[in-house]
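Heads up: the structure comes next, in structure tokens.
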Amino acid sequence: MLARVGRLERTDAPALSPFERDYGSLENMAAAWRAMMDAGTLDRLDGEHLITIIVRWHTDRCWDLWR
């Protein structure tokens, strides 16, 4: 019975977004992308727009709809 409850609790936990899974948090993702902007590997204007879009996407949980 306890094993079943444990499985239910794990399945009820909110899934991590791909960005939380890959970077640990949105803040870490933004920091990594800003570092790429500083290094010149990511365009500064495009990078800031992408960060804004992904934060909104994450907040609205749109990332979870494609599954």
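Only the coordinates and a few stated rules stand behind these numbers; no lab work does. Keep in mind the model is a prediction, meaning the values are calculated, not measured. Because the Cβ atoms are built from the backbone with ideal geometry, glycine has one as well, and the counts that use them run over all protein chains shown.
Beta carbons within 10 angstrom, averaged per residue: use that to sort the peptides 51-57, 40-46, highest first.
On the way: 51-57: 14.3, 40-46: 11.3.
Put in order of decreasing packing, that is 51-57, 40-46.
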Q.
How far apart, in nanometres, would the label points at Leu45 and Asn28 be if each is projected 7 angstrom from Cα along the Cα-to-Cβ direction?
A. 3.2
Q. Counting only residues 5 or more places away or on other chains, whose amide H sits under 5 Å from the amide H of Leu42 once H atoms are built in the peptide plane?
A. Met37
